[in-house]
Amino acid sequence: MNEFSKRLLATTHRAEEITESLGNTLVYWFHLLALFAIGASIAWSAAFAFLAMAEQGHAKVEDILLLFIYLELGAMIGIYFKTNHMPVRFLLYVAMTALTRMMIGFINIEHQPGEGILIVSGAILLLALTVLVLRYGSHRFPSVQAAQIQTPAEEEDNA
């Protein structure tokens, strides 16, 4: 291999390193920006939902469940910020809460049991069983990274 080929190969390798580093940096900042945007939209939506309840002078069960959905989404974003892992169980909790909210809406409108209520109840049960399987699996077969992540209470105990 002649001198020119060696320099060209070294320059190409260096350009690839710079490009990869720049790409990783851009993805990291986009990631943070997107998480802040999602978190801000959750906070904004929760604030407006709360203000609408305050304006009505009372809160219905559906409204309170909506606030719980916002809380769970916010907690999920917070956990993702701290651990860089998406807690799938929180998505299932959000789905269960949303289905419960929908079922209460059915009951308030129809005032009698129907197939819709039975189907939604079955879906909630299926999601609850999914959470049970996920919790059992993560307890029985913990990932290596999960063992390294500590909750704030565990950090205080170790200090």
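The numbers here are math on the coordinates, done by the rules we state, and not lab data. As the structure is a computational prediction, the values presented were derived from the model and not from experiment. No Cβ is skipped: glycine too gets one built from the backbone with ideal geometry, and neighbour counts run over all protein chains shown.
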Could you work out the helix-only [θ] at 222 nm for the chain, with each DSSP H run of four or more residues adding -39,500 (n - 2.57) and the total divided by the number of residues, to the nearest 500 deg cm²/dmol? -30500 deg cm²/dmol
Over region 1-43, what lengths in whole Å, largest first, do the semi-axes of the equivalent ellipsoid take, defined as the square roots of 5 times the eigenvalues of the alpha-carbon gyration tensor? 41, 4, 4
Computed E for Tyr136/His85 - FRET, C-beta separation, R0 25 angstrom, nearest 0.05: 0.85
Short version: what are the Cα gyration tensor semi-axes of region 92-146, square root of 5 times each eigenvalue, largest first, in whole Å? 32, 10, 5
For region 1-91, averaging the sequence separation of alpha carbon pairs under 8 Å that lie six or more residues apart and dividing by its residue count, the contact order in percent is 22 percent
Which whole-number percentage describes the relative contact order of the chain, with Cα contacts under 8 Å and a sequence gap of 6 or more? 16 percent
Over the alpha-carbon set of region 48-90, work out the extent along each principal axis and list the three values in angstrom, largest first. 39, 16, 8
For region 33-127, just say rounded, prolate or oblate: build the C-alpha gyration tensor, square-root its eigenvalues into a ≥ b ≥ c, call rounded for a/c under 1.5, and beyond that prolate if a/b exceeds b/c, oblate if not. oblate
Residue farthest toward the positive end of the dipole of the chain, with Cβ of Lys/Arg at +1 and Asp/Glu at -1: which of Gly116, Met102, Phe4? Phe4
Could you check how many percent of all C-alpha pairs in the chain are farther apart than 20 Å? 70 percent
